């Protein structure tokens, strides 16, 4: 009897020790990303918010040489025509996401056909631009679209069509949207391909037996089945497009009249800080513009979630 009590007590101690270790491991697992968020995200956000109400002294961005100017930086940003041009081009750039979703779903449905040979190769070819370095792909496209010696323009001019020019304000955004779709559609294809495999084949077969045609099967079976993935792609894609910067910085000159996204705008304001332009540029203006972008992202994301919730309630 005593031996059994000792064994039970040892088991209880062991279980208690294991539960304590699990709590410690869980706490450490939580603290690592939390500390990372506080150090690399939250603290810089607070500093940026504080800086948005400051003005650099003589173009210097050191904190001790800044002076409080209230809402002046926000007033400048909101009354700057170049900022509103950047807002318009940024919102126009968001067309990349729905276009990627449409083409991604169409291509995913095509390559998901069991009768198609080499489906994995097709997926890899479409996905390759997404995993390649943005800097590398943009540098290649910049060479291909060069108005003087670019291969694409030589082909277009040889067949009597006009040359493409990124510096042409009427062509800048269409070209940038095309390049965004070209590089981003691969991710949509992979996500939709995974979603299509989760659709119950029995439901599809039942709809065929009921006499549903291809469009009816798509609209009533396939489309609802991929809605969660579509919402994920829409939200994350729009947020990414609103922060798009690298492609525009590499492909477009700083003097470009179009294609200046909000992220490019605030970068330009910060990079061009100098004693002669301290009153209209610098860290204060850039921080104010970044918070305007933050508010825009939050607003659009809230609208998307509200629309998705409303649609979900209506289908119940």
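Things to note:
- The number of residues in the stretch 219-264 being assigned to a helix (DSSP H, G or I) and within 20 Å of the chain's Cα centre (by Cα) comes to 25.
- Of the residues making up the stretch 160-169, those that are touching a residue at least 12 places away in the same chain (Cβ under 8 Å) and over 13 Å from residue 251 (Cβ atoms) are 163, 169.
- Selection status of residue 139, assigned to a helix (DSSP H, G or I), over 17 Å from residue 247 (Cβ atoms) and touching a helix residue (DSSP H, G or I) at 6+ places or on another chain (Cβ under 7 Å): no
- Top-ranked residue in the stretch 157-176 [being surrounded by fewer than 16 Cβ atoms within 10 Å (Cβ to Cβ) and modelled with pLDDT under 80; ranked as farthest from the chain's Cα centre (by Cα)]: 160
- In the stretch 279-309, residue nearest to the chain's Cα centre (by Cα) [restricted to those that are within 15 Å of residue 82 (Cβ to Cβ) and not in a helix (DSSP H, G or I)]: 281
- Odd one out for residue 179 among (1) surrounded by 14 or more Cβ atoms within 10 Å (Cβ to Cβ); (2) at pLDDT below 85: (2)
- The set of residues in the stretch 239-286 being touching a strand residue (DSSP E or B) at 6+ places or on another chain (Cβ under 8 Å), at pLDDT 80 or above and surrounded by fewer than 24 Cβ atoms within 10 Å (Cβ to Cβ) is empty.
- Yes/no for residue 187 being buried (at least 17 other Cβ atoms within 10 Å of the Cβ) and either out of contact with any strand residue (DSSP E or B) (no Cβ under 9 Å at 6 or more places or on another chain) or more than 30 Å from residue 265 (Cβ to Cβ) (or both): yes
- When residue 13 is tested against (1) at pLDDT below 80; (2) part of a loop (DSSP other than H, G, I, E, B), just one condition goes unmet, and that condition is (2).
- Qualifying helices (runs of 4 or more DSSP H) (wholly inside the stretch 18-124; at least 3 residues being in contact (Cβ under 8 Å) with a residue 40 or more places away in the chain and surrounded by 15 or more Cβ atoms within 10 Å (Cβ to Cβ)): 72-78, 81-93, 96-111
The values are calculated or read from the model by the stated rules, or taken from the named source; none is laboratory data. Fair warning: this is a prediction, and the values are worked out from it, not measured in the lab. Neighbour counts run over all protein chains shown; Cβ positions are idealised from the backbone, glycine included.
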